[in-house]
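Values quoted throughout were computed directly from the atomic coordinates according to the rules given, and no laboratory measurement underlies them. These figures come from a predicted structure and were not determined experimentally. Here the Cβ is made from the backbone with ideal geometry for all residues, glycine too, and neighbour counts use every protein chain on show.
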Amino acid sequence: MFSVGKDRGAALNRTRVVIIGGAVTGIAAFISLVRSGTFDSVDIIDPNGVANSTAFNATHESLLCNTSVQTMSVLDDDMDDFRNYLQEQGLPVGEEAFVPRSWVSGYLKVRYARYRDLAQATGIEHRVIRSSARHIKPLALGGYWLQLDDGSTLEASDVLICTGNGGAFVPPLVGAHLGSPGIFTTPYPERRLLESFQRPSRVLVLGSRLSAIDSALLLCGAGHKVLMASPSGRLPGVRTGTPRRCAVGLDELRFSQLDLENPRLYWRLLRILARSAKAISGKPLRDQVDRATDPAHRLRGEVALASRGATDWQNLLVQYMDLADIKLRKAPPEVRVAAMQNCWEAVGRYLFAIPLQTATTLLGFIDSGLLQLASHLPMKLEWQGNWQVHGQNCVEEVDAVVCATGFHKQRFHATSDGLELLMDPQTPCTAPHVSAQLQVSLPGSSRPERIWMLGVASYLAAPMVNSVYQSVRQASETVLMLGGLQGDASLLAEHVAGAAV
């Protein structure tokens, strides 16, 4: 069941593992590989080096993690490692605290340095290669050549793809104006965005999810006025923690029996969640959410619910997300995609809920007139010394437009000759098959490759991954397989079950 195509790499005299991506997932994989002590060489390829991801390189203190401290450890067997690090830095916080993202960046750098030094002390070769991998080519006698964008190549016995997201998504509304004054394809890095405004300005932010909320926090916090517009205007939910343990037992049996192809999957999932949420303190789920259709009114209602501790649903998310990950990984790709589309309305805005602190700040901006929410997208943008934003019945003027509409997924093109890592989101491609164990198979091959996709890059098999702890767990499980434990399914299952506790 857990075969890794061991014969493909047997011809190599040395175990040379290459990690593509040096952000959270790549660091977690590196740490697991070093701790295992069974590999001769571990290299990391990333054009930005190590621990320099967009997500955690934010320096502004208002940009908080949207999951709490207990989910941020890069050690799979120690969920308190991040909290312990913070205490060592003189930053004592509770396990359910939401902390600035810059604190995570510092943590990642410190933990990477510790295990880099351990690798050196124990004879494990290690390099950080500041480049991008473009193509992974299987070799006839086993192993792989990685072709880098600087023209060089690198040999590997095993490859872990931990690349995260691709480029920023630019809506068609903005596409024709790229390069024009005041057009931002992403709010990151935040310093570049803020330093672009020399006077108080009015800014159109496209989107209403996490990147858009970051934009509003930065711009409104600097005294600018923001019009946040999206097709729904729907903001994420509001929560006060993301605990990894739930005080009540989950309905695992009913959850496991869900038919992913049933048209009523949404409602059946909702009933399971409602029963579990009520079991925590006796409050029905309907009393834990706000149903206002106006986004600002709903935000106000959800801030009130979270402030008085009436959001028991937040205690279910982590463990139900784990159950969903297991179930989705086993499903065929087309079933997986359809099930996600079916259920997203039920759970999407709660999975990506924002901290109460962030929601309270946004509400203050709304009340002060700095933030306005719109439940529609403009029909047209036009430059006339400033940007004319054409709606159905009006034209508004803004000084700048920020695309906060998320990011493309990293794309992969599989052929019998190898795997290409694509940068252009418009290039046609044939996605590889990725198993439930996150292992890649190439077209026409009878066995899986020694290539794994982890973290956000694992979306072809595991579309529910959006938290650090999930990426860390994947890295730990994969290193177990790489270390020769792949044949012992019971041991791996025991490890996975222990990590989920």
Dipole of segment 362-423, Cα-centred, from +1 at each Lys and Arg C-beta and -1 at each Asp and Glu C-beta, to the nearest 20 debye?
200 debye
Sum of -39500 (n - 2.57) over DSSP H runs of 4+, divided by residues of the chain (222 nm, nearest 500)
-10500 deg cm²/dmol
Once you keep just the Cα pairs under 8 angstrom separated by 6 or more residues, what percentage relative contact order results for the chain?
22 percent
What distance in nm lies between label points placed 7 Å from Cα along the C-beta direction at Asn52 and Glu125?
2.4 nm
Report the Stokes-Einstein translational diffusion coefficient (µm² s⁻¹, integer) for segment 1-130, Rh taken as the Kirkwood radius over Cα pairs, at 37 °C with viscosity 0.692 mPa s.
206 µm²/s
Please name whichever of Gly142, Ser256, Leu108 sits farthest to the positive end of the charge dipole of the chain, dipole taken about the Cα centre and charges placed at Cβ: Lys and Arg +1, Asp and Glu -1.
Ser256
If I model segment 150-280 as equal point scatterers sitting on the Cα atoms and use the Debye formula, what is log10 I(q)/I(0) at q = 0.11, 0.21 Å⁻¹?
-0.75, -1.22
Write down the percent of antiparallel bridges among all DSSP beta bridges whose residues are both part of the chain, to the nearest 5.
45 percent
Could you tell me the center-to-center distance, by alpha carbons, between segment 342-382 and segment 219-290 in angstrom?
16 Å
Sort 151-162, 391-402 by packing, meaning the average of other beta carbons within 10 Å per residue, with the highest value first.
151-162, 391-402
Using θ = phi - 60° and the Karplus form 6.51 cos²θ - 1.76 cosθ + 1.60, what ³J(HN,Hα) does each residue of segment 191-206 get, whole Hz, x for Gly and Pro?
4, 4, 4, 5, 6, 7, 10, 9, 8, x, 10, 10, 10, 8, 10, 8
Compactness relative to 2.2 N^0.38 Å, alpha carbon Rg of segment 16-93:
1.23
So for the pair His413, Asn466, with labels modelled 7 Å out along Cα→Cβ, what separation do we get in nm?
3.0 nm
Just how many % of Cα pairs in the chain lie over 33 Å apart, if you round to the nearest whole percent?
42 percent
Could you put Met72, Met340, Met379, Met481 in order, starting from the residue whose Cβ has the fewest other Cβ atoms within 10 Å?
Met379, Met340, Met481, Met72
Using the beta-carbon distance between Ala176 and Met423 and R0 = 30 Å, what value does 1/(1 + (r/R0)^6) give for FRET efficiency, to the nearest 0.05?
0.90
Under 13 Å from a label point 7 Å along Cα→Cβ of Cys394: give me every residue in segment 217-260 with its amide N that close.
227-228
Short version: ³J(HN,Hα) in whole Hz for each residue of segment 326-337, in order, from phi by Karplus 6.51 cos²θ - 1.76 cosθ + 1.60 (θ = phi - 60°), x for Gly and Pro, what are they?
4, 5, 5, 4, 7, 7, x, x, 5, 5, 4, 5
Could you give the length gained by full extension between Glu155 and Ser256, i.e. 0.36 nm per residue of separation minus their alpha carbon distance, to one decimal place?
32.2 nm
Take the alpha carbon gyration tensor of segment 83-209, find the square roots of its eigenvalues, order them as a ≥ b ≥ c, and report rounded if a/c is under 1.5; if not, report prolate when a/b exceeds b/c, else oblate.
oblate
Of the peptides 307-317, 122-132, how do they stack up when ordered by the mean number of other Cβ atoms within 10 Å, highest first?
307-317, 122-132
At R0 = 25 Å, how high is the FRET efficiency between Leu194 and Gln357 if r is their beta carbon distance? Nearest 0.05 is fine.
0.80
Answer in debye to the nearest 20: the dipole magnitude of segment 1-138 about its Cα centre, from +1 Lys/Arg and -1 Asp/Glu charges placed on Cβ, is 760 debye
Which Cα, out of Pro428, Ser446, His413, lies furthest along the positive dipole direction of segment 390-453 (beta carbon charges, K/R +1, D/E -1)?
Ser446
Fewest-first ranking of Glu382, Glu190, using other Cβ atoms within 10 Å as the exposure measure
Glu382, Glu190
Taking a cut-off of 22 Å, what percent of all Cα-Cα pairs in segment 205-343 are separated by more than that?
51 percent
Packing-ranked peptide list from 442-449, 408-415, highest mean Cβ count within 10 angstrom first, is 408-415, 442-449
Please work out whether segment 110-180 counts as rounded, prolate or oblate from its C-alpha gyration tensor, where a ≥ b ≥ c are the square roots of the eigenvalues and a/c under 1.5 means rounded, while otherwise a/b larger than b/c means prolate and anything else oblate?
oblate
Can you give me the angle between helix 295-307 and the longest principal axis of the chain, using Cα atoms only, in degrees from 0 to 90, rounded to the nearest 10?
70 degrees
